[in-house]
1. Kindly indicate whether any position in the stretch 19-37 is closer than 13 Å to L130 by Cα and surrounded by fewer than 15 Cβ atoms within 10 Å (Cβ to Cβ).
2. Is there any pair linking a residue in the stretch 73-86 that is within 15 Å of A41 (Cα to Cα) and among the charged types (D, E, K, R) to one that is in a strand (DSSP E or B) and near the ligand (Cβ under 6 Å from one of its atoms), with Cβ under 8 Å and at least six apart or on different chains, and which?
3. Inspect the stretch 42-50 for any residue being within 13 Å of the chain's Cα centre (by Cα) and within 16 Å of the ligand (Cβ to nearest atom) and give the result as yes or no.
4. I'm checking my understanding of the structure. Among residues of the stretch 59-72 that are of a type outside the set (S, T, N, Q) and touching a Ser or Thr at 6+ places or on another chain (Cβ under 8 Å), which one is nearest to the ligand (Cβ to nearest atom)?
5. Would you mind finding the one in F55, F49 that is in the same structural domain as I114 (by TED's automatic domain parsing), at pLDDT 95 or above, within 20 Å of L134 (Cβ to Cβ) and not acidic (D, E)?
6. Suppose we keep only residues that are more than 9 Å from the ligand (Cβ to nearest atom) and of a type in the set (S, T, Y) within the stretch 126-150. Which one would you say is surrounded by the fewest Cβ atoms within 10 Å (Cβ to Cβ)?
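The values are calculated or read from the model by the stated rules, or taken from the named source; none is laboratory data. Treat the numbers as computed from the prediction; the structure is a model and nothing was measured. In this analysis, Cβ positions are derived from the backbone assuming ideal geometry, glycine residues included, and neighbour counts consider all displayed protein chains.
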Amino acid sequence: MSQAPINQSLPRRGDPRKYAQQGVELVGFLALESLPRLQGAVTGDSASFDVLLSFRIDEDGKKVLEGTVNGEVNMICQRCLDTVLVPLSCNLRLGIVWSEDQARALPRDLDPWIVGEGAADFYEIVEEELLLSLPAVAYHDYACVPSEHFSSGAAEVEASSKPKQNPFQVLEQLKGTPKK
Ligand SMILES: [Zn+2]
């Protein structure tokens with residue numbers, strides 16, 4: 001993928017099977033406001049993602065969609081409750097199939113993308129993948145709150161390992177900072 005700035009928005013719809021046969025590549029940006037579910041999971045609304053989607057027939061004759069999505073979103077730091085810019089990117093590698101049965105028959109390294117006849121919505125599948133890549137909680141990568149505020153090593157908890165527990169709720173109440 002070239003480093004030239006992407007200045008057109010990603011096409012929203014197209015026929016993935018036809019594209020795979022033709023080896024179509026789509027490049028474009030995707031604004032957060034086009035992704036309502038992701039927008040609901042982050043804060044702020046100005047993010048944008050660079051997207052490359054590559055449709056092709058793989059070595060086994062399967063129709064696949066490969067792609068990369070890169071961007072940044074604002075989330076609330078669960079330590080200081082201010083916003084933190086979180087890089088958000090994912091690599092797609094999906095087998096284009098008609099049905100659950102076909103999905104089950106895919107090799108393990110291919111996630112299924114079940115699509116009907118004709119055009120499919122590319123924004124939906126990109127949003128799906130971004131939601132899967134979104135960290136459950138976010139923290140600044142520096143000590144945004146002095147460590148003496150903590151009585152244990154809770155601040156070291158990895159973002160990915162404890163998605164639901166928020167050890168800083170007490171702090172949130174103490175600070176009373178309004179969320180943005
Ligand atoms: Zn913070």
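1. Yes, the stretch 19-37 contains a residue that is closer than 13 Å to L130 by Cα and surrounded by fewer than 15 Cβ atoms within 10 Å (Cβ to Cβ).
2. none
3. Here is the first cut: in the stretch 42-50, the residues within 13 Å of the chain's Cα centre (by Cα) are 42, 47-50.
Next, only the ones that are within 16 Å of the ligand (Cβ to nearest atom) stay: 42.
For the stretch 42-50, residues within 13 Å of the chain's Cα centre (by Cα) and within 16 Å of the ligand (Cβ to nearest atom): present.
4. First pass over the stretch 59-72, keeping only residues of a type outside the set (S, T, N, Q): 59-67, 69, 71-72.
Now drop any that are not touching a Ser or Thr at 6+ places or on another chain (Cβ under 8 Å), which leaves 65-67, 69, 71.
Details: L65: 36, E66: 35, G67: 32, V69: 25, G71: 20 Å.
My answer is G71.
5. On the way: F55 fails: within 20 Å of L134 (Cβ to Cβ).
After ruling out the rest, the residue left standing is F49.
6. The residue in question is S147.
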